[in-house]
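Below is one structure, written out as C-alpha coordinates, with a few remarks after it.
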Amino acid sequence: IAAIHVMLNEDLPRQAEVKGEFLLKQLRALQALHPDIIKQVHGKGLLLGLEFFDKHVGYKLAAGLFKRGVLVAGTLLGARTVRIEPALNIPQALLEQMLERLADTLAQLDRELEKGQRADAVEEQRAESAALAAGGAVTGS
(Lines give C-alpha, C1' and ligand atoms only; values in the text may rest on other atoms or scores of the structure.)
Protein backbone atom coordinates (compact mmCIF):
# COMPACT_ATOMS: atom_id res chain seq x y z
CA ILE A 1 0.00 0.00 0.00
CA ALA A 2 2.90 2.37 0.75
CA ALA A 3 4.23 1.91 -2.78
CA ILE A 4 0.86 2.81 -4.29
CA HIS A 5 0.69 5.85 -2.01
CA VAL A 6 4.12 7.07 -3.21
CA MET A 7 3.27 6.35 -6.84
CA LEU A 8 0.11 8.46 -6.63
CA ASN A 9 1.49 11.27 -4.45
CA GLU A 10 4.61 11.75 -6.57
CA ASP A 11 2.68 11.19 -9.82
CA LEU A 12 5.30 8.70 -11.00
CA PRO A 13 3.45 7.74 -14.20
CA ARG A 14 3.43 11.39 -15.33
CA GLN A 15 7.09 11.81 -14.33
CA ALA A 16 7.99 8.76 -16.41
CA GLU A 17 6.07 10.13 -19.39
CA VAL A 18 7.65 13.60 -19.28
CA LYS A 19 11.18 12.41 -18.56
CA GLY A 20 10.86 9.65 -21.16
CA GLU A 21 9.84 12.14 -23.85
CA PHE A 22 12.83 14.32 -22.91
CA LEU A 23 15.20 11.34 -23.06
CA LEU A 24 13.84 10.08 -26.38
CA LYS A 25 14.32 13.50 -27.93
CA GLN A 26 17.90 13.74 -26.63
CA LEU A 27 18.75 10.15 -27.60
CA ARG A 28 17.44 10.72 -31.13
CA ALA A 29 19.61 13.84 -31.35
CA LEU A 30 22.61 11.69 -30.38
CA GLN A 31 21.55 9.13 -32.98
CA ALA A 32 21.60 11.89 -35.62
CA LEU A 33 25.15 12.79 -34.54
CA HIS A 34 26.29 9.14 -34.59
CA PRO A 35 24.32 7.42 -37.37
CA ASP A 36 27.10 4.86 -37.94
CA ILE A 37 26.81 3.69 -34.32
CA ILE A 38 23.15 3.99 -33.28
CA LYS A 39 20.73 2.22 -35.59
CA GLN A 40 17.52 3.02 -33.72
CA VAL A 41 16.20 4.57 -30.50
CA HIS A 42 12.96 3.18 -29.12
CA GLY A 43 10.92 2.84 -25.99
CA LYS A 44 8.24 4.45 -23.91
CA GLY A 45 8.40 6.28 -20.64
CA LEU A 46 11.63 5.42 -18.90
CA LEU A 47 12.04 2.00 -20.54
CA LEU A 48 14.28 2.93 -23.46
CA GLY A 49 16.58 1.10 -25.82
CA LEU A 50 19.49 2.01 -28.07
CA GLU A 51 19.86 -0.43 -30.95
CA PHE A 52 23.23 -0.79 -32.65
CA PHE A 53 24.29 -2.23 -35.98
CA ASP A 54 26.69 -4.59 -34.19
CA LYS A 55 26.56 -6.25 -30.77
CA HIS A 56 30.25 -5.52 -30.22
CA VAL A 57 29.55 -1.80 -30.38
CA GLY A 58 26.80 -2.28 -27.80
CA TYR A 59 29.22 -4.06 -25.48
CA LYS A 60 31.78 -1.27 -25.91
CA LEU A 61 29.15 1.38 -25.22
CA ALA A 62 27.96 -0.41 -22.08
CA ALA A 63 31.55 -0.80 -20.86
CA GLY A 64 32.32 2.86 -21.59
CA LEU A 65 29.25 3.98 -19.68
CA PHE A 66 30.09 1.67 -16.77
CA LYS A 67 33.54 3.28 -16.54
CA ARG A 68 31.75 6.62 -16.34
CA GLY A 69 29.41 5.47 -13.57
CA VAL A 70 26.32 4.74 -15.69
CA LEU A 71 24.77 1.30 -15.50
CA VAL A 72 22.85 0.04 -18.54
CA ALA A 73 21.76 -3.46 -19.51
CA GLY A 74 21.87 -5.60 -22.62
CA THR A 75 18.91 -7.67 -23.69
CA LEU A 76 18.31 -11.39 -23.65
CA LEU A 77 20.10 -11.73 -26.98
CA GLY A 78 23.17 -9.66 -26.07
CA ALA A 79 24.19 -6.07 -26.42
CA ARG A 80 22.91 -5.26 -29.89
CA THR A 81 20.24 -3.37 -27.97
CA VAL A 82 21.22 -1.66 -24.73
CA ARG A 83 18.46 -0.77 -22.28
CA ILE A 84 18.30 2.48 -20.33
CA GLU A 85 15.95 2.06 -17.37
CA PRO A 86 16.30 4.80 -14.76
CA ALA A 87 14.14 5.01 -11.67
CA LEU A 88 10.80 6.74 -12.22
CA ASN A 89 11.70 9.50 -9.76
CA ILE A 90 15.19 10.19 -11.14
CA PRO A 91 16.07 13.89 -10.90
CA GLN A 92 16.40 15.81 -14.17
CA ALA A 93 20.02 16.70 -13.30
CA LEU A 94 20.95 13.00 -13.24
CA LEU A 95 19.31 12.44 -16.62
CA GLU A 96 21.34 15.29 -18.07
CA GLN A 97 24.52 13.91 -16.48
CA MET A 98 23.81 10.49 -18.00
CA LEU A 99 23.30 12.09 -21.41
CA GLU A 100 26.63 13.92 -21.12
CA ARG A 101 28.39 10.66 -20.26
CA LEU A 102 26.63 8.90 -23.12
CA ALA A 103 27.74 11.64 -25.53
CA ASP A 104 31.34 11.27 -24.29
CA THR A 105 31.18 7.50 -24.75
CA LEU A 106 29.75 7.82 -28.25
CA ALA A 107 32.48 10.30 -29.21
CA GLN A 108 35.10 7.82 -27.95
CA LEU A 109 33.49 5.01 -29.97
CA ASP A 110 33.46 7.24 -33.04
CA ARG A 111 37.21 7.81 -32.65
CA GLU A 112 37.85 4.10 -32.16
CA LEU A 113 35.77 3.18 -35.22
CA GLU A 114 37.53 5.80 -37.36
CA LYS A 115 40.90 4.50 -36.16
CA GLY A 116 39.82 0.94 -36.96
CA GLN A 117 38.61 1.94 -40.42
CA ARG A 118 41.91 3.72 -41.09
CA ALA A 119 43.82 0.65 -39.90
CA ASP A 120 41.70 -1.55 -42.21
CA ALA A 121 42.43 0.79 -45.14
CA VAL A 122 46.18 0.74 -44.40
CA GLU A 123 46.14 -3.07 -44.18
CA GLU A 124 44.28 -3.24 -47.50
CA GLN A 125 46.87 -0.95 -49.11
CA ARG A 126 49.69 -3.12 -47.75
CA ALA A 127 48.06 -6.25 -49.15
CA GLU A 128 47.63 -4.60 -52.54
CA SER A 129 51.27 -3.40 -52.53
CA ALA A 130 52.49 -6.86 -51.58
CA ALA A 131 50.39 -8.42 -54.36
CA LEU A 132 51.77 -5.94 -56.90
CA ALA A 133 55.35 -6.49 -55.72
CA ALA A 134 54.85 -10.24 -56.13
CA GLY A 135 53.57 -9.68 -59.65
CA GLY A 136 50.00 -10.59 -58.84
CA ALA A 137 46.86 -8.86 -59.99
CA VAL A 138 44.91 -6.68 -57.61
CA THR A 139 41.15 -6.85 -57.71
CA GLY A 140 38.86 -4.19 -56.27
CA SER A 141 36.21 -5.04 -53.73
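Laid out as a table, the results:
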read-out: Per residue, the convex hull volume that the Cα atoms of the chain enclose (Å³); value: 122 Å³
read-out: Helix-only mean residue ellipticity at 222 nm for the chain, each DSSP H run of n ≥ 4 adding -39500 (n - 2.57), per residue, nearest 500; value: -21000 deg cm²/dmol
read-out: Eligible lysines near K39 by straight Cα distance, threshold 16 Å, same-chain separation 8 or greater; value: K25, K55, K60
read-out: Of all accessible heavy-atom area on the chain, the percent that carbon and sulfur account for (1.4 Å); value: 57 percent
read-out: Principal-axis tilt of helix 12-33 within the chain, Cα atoms, nearest 10 degrees; value: 20 degrees
read-out: Accessible area expressed per residue, the range 44-94, with surrounding protein chains retained (probe 1.4 Å, Å²); value: 61 Å²
read-out: Nearest-ten-degree value, helix 92-133 long axis tilted from longest Cα axis of the chain; value: 10 degrees
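The values are calculated or read from the model by the stated rules, or taken from the named source; none is laboratory data. Treat the numbers as computed from the prediction; the structure is a model and nothing was measured. Just the protein is used for accessible areas: all its heavy atoms, side chains included, with ligands, DNA and RNA removed. Shrake-Rupley method; radii C 1.70, N 1.55, O 1.52, S 1.80 Å.
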